[in-house]
Amino acid sequence: MPPAALSVHLSIGQAYAWSVFKPPLESALGLSGTQSALPFQLGIVMLGLSAAFGGTLVERNGPRWAMTVALVCFSSGFLLSALGAATEQYWLIVLGYGFVGGIGLGIGYISPVSTLIKWFPDRPGMATGIAIMGFGGGALIASPWSAQMLESFGSDSSGIALAFLVHGLSYCVFMLLGVMLVRVPRTEKPVEGAPAALQGPQVSANNAIRTPQFWCLWVVLCMNVTAGIGILEKAAPMITDFFADTSAPVSATAAAGFVALLSAANMAGRIGWSSTSDLIGRKNMYRVYLGVGASMYGLLALFGDSSKTLFVLSALVILSFYGGGFATVPAYLKDLFGTYQVGAIHGRLLTAWSLAGVLGPLIVNWIADRQEEAGRHGSSLYGLSFVIMIGLLVVGFIANELVRPVHPRHHIPAPINQEAVDVQRQQPESA
Amino acid sequence: MSSDSSQSQPDRRGLIALAWLWVGAPLAYGLYELVQKATQLFTG
């Protein structure tokens, strides 16, 4: 099951490498930077929407269905984009990569989550950490691969079209492994000590969003992601600005190395911290993400420009918490709401990501621009942003403290609970 | 996974190895490229 999940997440993680296509598209089709970002932005919006609204369908139809939908949408998004590039119809690229491909992102992202939790009921953090680490890893693969392809095929519209075509076909073949291998465990003969029936509280997706626990976790995720994106989105100019006035300024090449290191921390945090949450508990893990994360931002604000090592280490810790927050949340949901519709609940929670994706960059960029207009430079461009990030993390910390076990009135009644077990027993044949 | 998974497990080893290789190889390529870039922070 983990390779099946990884094959999907490593593919859809390509979304974070969209920037490779931006400069060639801008020169080939005469687009502005804002226009060339449209397919990615629409893709992320569609990710949130399809995960939120498609989650129940994923639970009902099983992971193989979901992975097939993800494969078809993600690959055909590239094929439509290839047609768009070949005919120089940019709207087709926006529709293909952004809209159709974005549905593939959302359904693909949640497709293995509940199945992984069912396979590894005693280590759900590690299980979902592996898959969600793949989403981080997808960009690591796609970024150099796409760049090399554009170098070989050329950066004109026909070269871009060919690159899109190869991407679509390659991802189709690569994701096929996930579709073929994915299996839902039989509940009669559990794997690695899995319970014979759904144990503990089970809450449906519709009931979950009526609980304060869901919204507390929504705030927790939103704040944690906002704080991470704040650094991730502006990492290269940030480290350059911080040390611009020192005796050891950071070159553009070194700044690119810093960005790469942050990607590694993001990915390592997904598997490392999420697995740690199996040992210390989900609530404690988020106390670390939010509490220590706020302290790291404090260190950056107070002493960040005095030591490059301190700056890099603090940023790495923050980014590892950013990745860890994504990977740990499905297990947290499972602890609170059970495995019954955890994939659908996770899908709805991902709307927090959509807001954070706008909020984080907006805070850092807007404040940096205003500070620059006021004649400031260097590290003082970011001081206020860091203070705001500390505030947001404290809000997230408080929300995490407010999480309590779900009230029994939200649990599904026992007969339905049994029905859910029966449905799960039938799924291995159909999945 | 069928209900007699414990009996068929040895037959699946090859498939499991192939599946891990399928996802591991591109990931290793991505990590290699990442390490090359990341070292620029200390050398660039």
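The values are calculated or read from the model by the stated rules, or taken from the named source; none is laboratory data. As the structure is a computational prediction, the values presented were derived from the model and not from experiment. Virtual Cβ from ideal backbone geometry, glycine too; neighbours counted across all protein chains shown. For the accessible areas, the whole protein counts, side chains as well, though only heavy atoms, and no ligand, DNA or RNA atoms are used. Shrake-Rupley method; radii C 1.70, N 1.55, O 1.52, S 1.80 Å.
So that you can scan it fast, the table gives a plain yes or no per residue for (1) within 17 Å of the chain's Cα centre (by Cα); (2) on the phi < 0 side of the Ramachandran plot; (3) touching a residue at least 12 places away in the same chain (Cβ under 8 Å):
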residue: A:Gly291; (1), (2), (3): no, yes, yes
residue: A:Ala294; (1), (2), (3): no, yes, yes
residue: A:Leu302; (1), (2), (3): no, yes, no
residue: A:Leu313; (1), (2), (3): no, yes, no
residue: A:Ile318; (1), (2), (3): yes, yes, yes
residue: A:Ala327; (1), (2), (3): yes, yes, yes
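Of the numbered criteria (1) surrounded by fewer than 20 Cβ atoms within 10 Å (Cβ to Cβ); (2) modelled with pLDDT under 85; (3) more than 22 Å from A:Trp353 (Cα to Cα), the one A:Met1 fails is (1).
The residue that is most open to solvent (accessible area, probe 1.4 Å), counting only those in region B:27-44 that are more than 7 Å from chain A (Cβ to nearest Cβ) and at pLDDT 80 or above, is B:Tyr32. Screening A:Val342 on (1) open to solvent by 40 Å² or more (accessible area, probe 1.4 Å); (2) in contact (Cβ under 8 Å) with a residue 60 or more places away in the chain shows it passes everything except condition (1). Screening region A:144-154 for residues that are open to solvent by less than 30 Å² (accessible area, probe 1.4 Å) and either assigned to a helix (DSSP H, G or I) or in contact (Cβ under 8 Å) with a residue 24 or more places away in the chain (or both) and picking the one that is nearest to A:Gly62 (Cα to Cα) gives A:Ser146.
Restricting region A:155-182 to residues that are more than 11 Å from chain B (Cβ to nearest Cβ) and open to solvent by 30 Å² or more (accessible area, probe 1.4 Å), the residue that is modelled with the lowest pLDDT is A:Ser155. Hey, can you tell me all the residues within region A:117-143 that are in a helix (DSSP H, G or I), within 20 Å of A:Gly325 (Cβ to Cβ) and open to solvent by 10 Å² or more (accessible area, probe 1.4 Å)? Correct list: A:Met126, A:Ile130, A:Met133, A:Gly136, A:Ala139, A:Leu140. Those helices (runs of 4 or more DSSP H) of region A:220-300 in which 2 or more residues are under 18 Å from A:Asp335 (Cβ atoms), outside the structural domain of A:Gly138 (by TED's automatic domain parsing) and not charged (D, E, K, R) occupy A:252-280, A:282-287.
Here is the figure for region A:380-405: residues that are open to solvent by 30 Å² or more (accessible area, probe 1.4 Å) and of a type in the set (Gly, Ala, Ser) total 2.
Residues in region A:40-66 that are more than 17 Å from the chain's Cα centre (by Cα), buried (at least 19 other Cβ atoms within 10 Å of the Cβ) and hydrophobic (A, V, I, L, M, F, W, C): A:Val58, A:Ala66. The sole residue among A:Glu26, A:Glu59, A:Glu88 that is of a type in the set (D, E, K, R) and within 23 Å of A:Lys334 (Cβ to Cβ) is A:Glu59. Filter region A:140-154 for residues that are within 13 Å of chain B (Cβ to nearest Cβ) and among the small types (Gly, Ala, Ser) and give the result. Matches in region A:140-154: A:Ala142, A:Ser143, A:Ser146, A:Ala147. Of all residues in region A:251-271, those that are over 16 Å from A:Leu140 (Cβ atoms) and open to solvent by 10 Å² or more (accessible area, probe 1.4 Å) total 3. Within region A:321-335, the set of residues being crowded, with 24+ Cβ neighbours inside 10 Å and either within 22 Å of A:Pro185 (Cα to Cα) or among the hydrophobic types (A, V, I, L, M, F, W, C) (or both) comprises A:Phe321, A:Phe326, A:Ala327, A:Thr328, A:Val329, A:Pro330, A:Ala331, A:Tyr332, A:Leu333, A:Lys334. For region A:287-309, the tally of residues that are within 23 Å of A:Thr276 (Cβ to Cβ) and open to solvent by 50 Å² or more (accessible area, probe 1.4 Å) stands at 4.
With respect to the stated conditions, A:Ile412 is of a type in the set (A, V, I, L, M), open to solvent by less than 50 Å² (accessible area, probe 1.4 Å), closer than 21 Å to A:Gln202 by Cα and touching a residue at least 24 places away in the same chain (Cβ under 8 Å).
The set of residues in region A:83-106 that are of a type in the set (A, V, I, L, M), touching a residue at least 40 places away in the same chain (Cβ under 8 Å) and open to solvent by 10 Å² or more (accessible area, probe 1.4 Å) comprises A:Leu83, A:Ala86, A:Val94, A:Ile103. Looking at region A:55-116, the helices (runs of 4 or more DSSP H) lying wholly inside it that each contain 2 or more residues that are closer than 15 Å to A:Gly347 by Cβ sit at A:63-86, A:101-110.
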